[in-house]
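Below is one structure, written out as structure tokens; the observations come after it.
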Amino acid sequence: MKQQLIPIQIPDLLGRVAQYKKDGYRMVQILCTRVPEGYELTYSFDKDCVLENLRLIVPEEGSVMSVTSQYWYAFVWENEIHDLFGLNVEFIAPEVDYGGKFFHLAKPMPWHELANAKQPASAVKVNLRSGLGIDASVKPASAKPTEGDK
């Protein structure tokens, strides 16, 4: 599979997404993460084993337009981004805009604050074994990998 990362600006998002739809690409995911400048969004599209990723930065107090007009099922990612990060996604299709109530959260917008971000104290190692299910174990994040971990 080939992969390409394409930096874009916020105003170019809808036009680029519409072109992917017209060209027969499927939308794979929308990823959001906090960065010092605000939010980094990555929109991923696939066609014929080529993965193209549109990446843009949205300022902390900024917003981004919904892509549900092209890929209706994007409402899941867009509502998640709104609820978990507090990023305003404008014009999500009205019948699937949960208005901040997509998830029932103990703390509103838990991933909004970049300054309070902490590294996890432990990591989960998952081994997938054919026919046997999943074997998960927790190890301290500082632990050195053993020969069996590689």
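Every number in this text was worked out from the coordinates using simple rules, so none of it is lab data. Just so it is clear, the structure is predicted and the values come from calculations on it, not from any experiment. For neighbour counting, all protein chains shown are included, and Cβ atoms are generated from backbone atoms with ideal geometry for every residue, glycine included.
Distance between the 7 Å Cα→Cβ label points at residue 2 and residue 53: 1.7 nm.
Got a sec? Which residues in the stretch 10-48 would a label at residue 60 touch, if it sits 7 Å along Cα→Cβ and we count backbone N under 11 Å? Counting only backbone N, you get 35-39. As a rough guide to protection, the peptides 20-26, 72-78 ranked by mean Cβ packing within 10 Å, highest first, stand as 72-78, 20-26.
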